[in-house]
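One structure below.
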Amino acid sequence: MALFPQSFLDDLKSQTNIVTVVGEVVSLRKTGGTFKGLCPFHEERTPSFNVNPEKGFFKCFGCGAGGDVLKFVELQH
């Protein structure tokens, strides 16, 4: 049984700016249509963490972490 209805979660994701939420934890730099920064889920020296605001997801090409804004918040706690 789901804690929240899917329609509520979809509305929440569509109204939330993923760059703002991730930017509270990660220092992001705009590169073209995406944002890059150091991954908060593993140690790295060069940015492999990407946030795509248009599609509403994040992806780290170093450790493989990825998902939507709700997944990011979940992984932070």
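The values are calculated or read from the model by the stated rules, or taken from the named source; none is laboratory data. Just so it is clear, the model here is predicted, and its values are computed rather than measured. Methodologically, a virtual Cβ is constructed for each residue, glycine included, from the backbone with ideal geometry; neighbour enumeration extends over all protein chains shown. Heads up: the accessible areas ignore ligands, DNA and RNA and are worked out on the full protein's heavy atoms, side chains in. Shrake-Rupley method; radii C 1.70, N 1.55, O 1.52, S 1.80 Å.
Numbers for the structure displayed
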item: Net charge of neighbours whose Cβ lies under 11 Å from the Cβ of THR34, counting Lys and Arg as +1 and Asp and Glu as -1; result: +4
item: Heavy-atom SASA rank of ARG45, ARG29 (probe 1.4 Å, accessible area, largest first); result: ARG45, ARG29
item: Set of aspartates and glutamates near LYS59 by C-alpha distance (under 12 Å), chain-local residues within fewer than 8 positions excluded; result: ASP68
item: No Cys partner within the rule (Cβ under 4.7 Å), the chain; result: CYS63
item: Linear extension gain, THR31 paired with ARG45, 0.36 nm per residue minus alpha-carbon span; result: 3.3 nm
